[in-house]
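Presented below is the structure to which this report refers.
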Amino acid sequence: MTEKIIIIGSGPAGWTCAVYAARANLKPVIYEGAISEENRLRGTLPLGQLNLTTEVENYPGFPKGVQGPDLMIAMRQQAEHSGARIITEDIVSIDMSKRPFVMTDSEGKTVSAMAVVIATGASANYLGLPSEENYKNRGVSACAVCDGALPRFRNKPLIVVGGGDTACEEGNYLTKFASTLYVVHRRDALRASKVMAARLLNNPKVKPVWDSVIDEVLGDDEKGLTGARIKNIKTGATHTIDATGMFVAIGHTPNTKFLKGQLATDAHGFVKLTDPFRTLTSVEGVFGAGDVADPTYKQAVTAAGMGCKAALDAERWLAAQGID
């Protein structure tokens, strides 16, 4: 049996797309991802990155905030209640050379669909330190806009790791809340554009820590992160910075490996949309939604909005093909 639409991914974009597609009677099937050690290590378990966070204070409709896992479970339940069929496996390969699109999942089963929505998200790049893993969501974050306003970071010393535009954007945002912001970068100058770098470094709260890397994240079970040991890569000397938060700002990797280059992407691997106001990709019948196709905003609410658009775009495209 060929499905009308298959949605790959289970973050806000995927679930929102599933709700709209189900209400349009497209009988969507959503592959939410497999529960596996490989996915755990990559941060790509079902329910997306929000399921790995704690407080979410900037999603509309929750004036007192909401726990990330609670929000994602509610989205999943709404999609299922609307009529979406959920499969807890990965799509590991897809043939986009002809329609219907033929896919293979992580159990080895073959499925096909007339339309496909890629909503697999983008994984934040971390440093890879075991001590960093210990304090994720307890002081270690990869999203200043998501977490920077939380009480544990307000009027406290914070650390940003990185030297590109992303680090400058995160850093500038965090200066609204930090008492002091330490910018740890392995070079002796920021790689960011001159305007972005100057804006950050001219802020009196900012203290650059040049030629340096994070050697170890420090903390305890009660307080979470309490600081970091910094190592100068030229001299080998180490020192400790006391801080309640460390924001890793070294980019994101879109989860597109399984596509094997069949969709046009930008220089960083994000799926390119052929129209900035729609979700059409370089392959007719394939739509992109959420962080996998959004190198700019990467927020839950924008991902949900893109999921809505993808469902509407797919519905209209299928109707034009005589499929309803």
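The values are calculated or read from the model by the stated rules, or taken from the named source; none is laboratory data. As the structure is a prediction and not an experimental result, all values here were calculated from the model. Here the Cβ is made from the backbone with ideal geometry for all residues, glycine too, and neighbour counts use every protein chain on show.
Values for this structure:
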{"read-out": "Odd one out for Pro130, checked against (1) closer than 15 Å to Gly227 by Cβ; (2) surrounded by fewer than 24 Cβ atoms within 10 Å (Cβ to Cβ)", "value": "(1)"}
{"read-out": "Given (1) modelled with pLDDT of 95 or more; (2) touching a Ser or Thr at 6+ places or on another chain (Cβ under 6 Å); (3) surrounded by fewer than 17 Cβ atoms within 10 Å (Cβ to Cβ), index of the condition Thr253 fails", "value": "(1)"}
{"read-out": "Residue tally, condition more than 18 Å from Leu26 (Cβ to Cβ) and assigned to a loop (DSSP other than H, G, I, E, B), over the range 296-324", "value": "4"}
{"read-out": "Flag if Gly251 is of a type outside the set (Val, Ile, Thr) and more than 19 Å from the chain's Cα centre (by Cα)", "value": "no"}
{"read-out": "Residues located in the range 1-19, provided they are in a strand (DSSP E or B) and not hydroxyl-bearing (Ser, Thr, Tyr)", "value": "Glu3, Lys4, Ile5, Ile6, Ile7, Ile8"}
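Results for (1) of a type in the set (Phe, Trp, Tyr); (2) outside the structural domain of Leu174 (by TED's automatic domain parsing); (3) over 24 Å from Tyr182 (Cβ atoms); (4) surrounded by 21 or more Cβ atoms within 10 Å (Cβ to Cβ), shown as yes or no for each residue.
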{"site": "Lys223", "(1), (2), (3), (4)": "no, no, no, no"}
{"site": "Arg229", "(1), (2), (3), (4)": "no, no, no, no"}
{"site": "Gly236", "(1), (2), (3), (4)": "no, no, no, no"}
{"site": "His239", "(1), (2), (3), (4)": "no, no, no, no"}
{"site": "Ala267", "(1), (2), (3), (4)": "no, yes, yes, no"}
{"site": "Phe270", "(1), (2), (3), (4)": "yes, yes, yes, yes"}
